[in-house]
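Peer 1: Got a structure for you, questions after.
Quick note: the coordinates plus some simple rules give every number you see, no bench work behind them. As the structure is a computational prediction, the values presented were derived from the model and not from experiment. Cβ sites come from the backbone with ideal geometry, for glycine too, and all protein chains shown count toward neighbours.
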Amino acid sequence: MIRFRGYLTFEDTLKVQKALEERKFFSSSVAITVVTLGMTGFIIYKMQLEMLVAAFLLLFMGAFMYGGFRLMKASARNAQKKIYEKACTKRNGVLTNNQIAIRKNKITTKIPWNLFEKAVETENIITILKNKETLSFAQYMFDTERDWSQAKKLIMSKYSKTLNSE
């Protein structure tokens, strides 16, 4: 029986999400930027402005868009963090050879290991998953280094399909 408590930090959940997300050839923000700057360049060309003025306008537009995207991303991240931290009510649990038992709000949920398909280890975090459903563990969720080591060994032994991401 290995006891754990709490949740991953918000920053660690972002690391797990990034490690598990499908790799895209290019992001939507890159596509929007390229199209917008291309259209701006075309409009500037049609206006027949001097090259120096045109270059300044394109540079200004690019910097404005970059700042806007950064601001929107930071704002969305802060909103997500508030929601995440509010949703993380007090919980603790136990890992056994047969199951994971999680106690939250005086209710214990028992999850059999075979509910998940594989384990992924990323930056000292172990995530077990099936499709989009995940359950993650980090060292700070355990009382001792020994408990964390035992937990890692137990979790990794349950899944033949394991992935290591760095």
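Peer 1: Any idea what % of Cα-Cα pairs in segment 14-58 are farther than 17 Å?
Peer 2: 52 percent
Peer 1: Between Leu20, Leu58, Leu49, which gets the highest mean-square fluctuation from a Gaussian network model of the chain, Cα cutoff 10 Å?
Peer 2: Maximum among the listed residues: Leu49.
Peer 1: Another one. Starting from segment 28-109, pick out the trypsin sites (Lys or Arg not before Pro) whose DSSP state is loop and whose Cβ has at most 13 other Cβ atoms within 10 Å.
Peer 2: Answer by residue number: Lys90, Lys106.
Peer 1: What order do you get for Thr122, Thr108 when you list them from fewest to most C-beta neighbours inside 10 Å?
Peer 2: The fewest-first ordering by Cβ neighbours comes to Thr108, Thr122.
Peer 1: What residue among Met61, Met156, Met47 has the largest mean-square fluctuation in a Gaussian network model of the chain, using Cα springs under 10 Å?
Peer 2: Met47
Peer 1: Follow-up. Given H placed on each backbone N at 1.01 Å, which residues far from Glu117 in sequence or on other chains put an amide H within less than 5 Å of it?
Peer 2: Answer set, sorted by chain and number: Leu129, Lys130.
Peer 1: With no solvent and one equal point scatterer placed on each C-alpha of segment 48-103, evaluate the Debye formula and give log10 I(q)/I(0) for q = 0.14, 0.20, 0.30, 0.31 Å⁻¹, two decimals.
Peer 2: The computed values of log10 I(q)/I(0) come out as -0.65, -0.82, -1.05, -1.07.
Peer 1: Can I ask one more? With viscosity set to 1.306 mPa s and temperature to 10 °C, compute the Stokes-Einstein D of the chain, Rh being the Kirkwood radius across alpha carbon pairs; µm²/s, no decimals.
Peer 2: Working: Rh = 19.4 Å.
Roughly 82 µm²/s, to the nearest whole number.
Peer 1: On to the next question. Which cross-chain or sequence-distant (5 or more) residues have an amide H under 5 Å from the amide H of Phe4, H modelled 1.01 Å from N in plane?
Peer 2: Gly93, Val94, Leu95
Peer 1: Would you mind telling me which residue in Asn92, Asn131, Asn78 has the biggest mean-square fluctuation in a Gaussian network model of the chain, where springs connect alpha carbons within a distance under 10 angstrom?
Peer 2: Looking only at Asn92, Asn131, Asn78, the biggest GNM fluctuation is shown by Asn131.
Peer 1: Also, quick follow-up: Longer than 18 Å from Cα to Cα, which of Lys15/Lys73; Lys118/Lys152; Lys104/Lys132; Lys118/Lys153; Lys15/Lys132 are they? Say none if no pair is.
Peer 2: Listed pairs above 18 Å: Lys104/Lys132.
Peer 1: Testing the spin-label approximation: label points 7 Å from Cα along Cα→Cβ at Met156 and Tyr45. State their distance in nm.
Peer 2: Once both label points are built, they end up 5.6 nm from each other.
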